[in-house]
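Novice: Have a look at this one before I ask anything.
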Amino acid sequence: MRVAIDPLEISALVRIMDELDYYQLLNIGSTASSSEIRKAFHDSSRSFHPDANRQLAADLQEQCGQISKRITEAYCVLRDTRRRKVYDAQRAEGDARRIQLAEARSAHAQQRRAECRGATARGRQFHAKAETELKSGNLGGAIQHLQMALTFEPGNTGFKTMVEELKVRQQDES
């Protein structure tokens, strides 16, 4: 059976909620596993969801709604490894208590573009040459340019994936 939440606790949490990061809000450590995050979310959401607190006054139900939304926001960021990585990076810089999901998507998209097009000037240069070769239908030339790009960015998984895909296409066309 669930224990009723003290109205003073609800009011206090609403007042300090903007000062808490997502880990503090869910009452977990920054190294928490996904199962720990999920458990903390479910425990918190059960306690603060407005439907679970119908017996409270309207203003307290509204505050529970605010807390519940923030708890859900925290869970949506921390459960996704990409969003969590972006959030942790911003948090390490000292400028993130909250992260908008659109910001997390944007940061991930930028990372994917860098991975696909290259993170270094030479990597981008050879990737662009590979794209030109692809447009002209020269798979062999595209593969060579991507392999050159890999000499400048050996850890670039986007380049590696492209080389493998082009080699398969080249074999299929032979």
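The values are calculated or read from the model by the stated rules, or taken from the named source; none is laboratory data. Quick caveat: nothing in here was measured; it's all calculated off a predicted structure. Don't worry about glycine lacking a Cβ; one is built from the backbone with ideal geometry, like all the others, and counts go over all protein chains shown.
Novice: Starting from the stretch 108-136, keep only residues that are loosely packed, with under 15 Cβ neighbours inside 10 Å, then list their pairs with residues that are at pLDDT below 80 and assigned to a helix (DSSP H, G or I) whose Cβ atoms are within a distance under 6 Å, requiring at least 6 positions of separation or different chains.
Specialist: none
Novice: While we're on this one: Between a first residue in the stretch 145-174 that is in contact (Cβ under 8 Å) with a residue 24 or more places away in the chain and a second residue that is of a type in the set (Ser, Thr, Tyr), which pairs have beta carbons less than 6 Å apart while being 6 or more apart in sequence or on different chains?
Specialist: Within 6 Å, the pairs are 152/120; 153/120.
Novice: What is the residue count in the stretch 43-83 for residues that are without any contact (Cβ under 8 Å) to a residue 12 or more places away in the chain and of a type in the set (Val, Ile, Thr)?
Specialist: Going through the stretch 43-83 one residue at a time, the tally reaches 1.
Novice: Select from the stretch 33-63 the residues that are within 19 Å of residue 98 (Cβ to Cβ) and crowded, with 17+ Cβ neighbours inside 10 Å and write down the one among them that is nearest to the chain's Cα centre (by Cα).
Specialist: Here the residue is 37.
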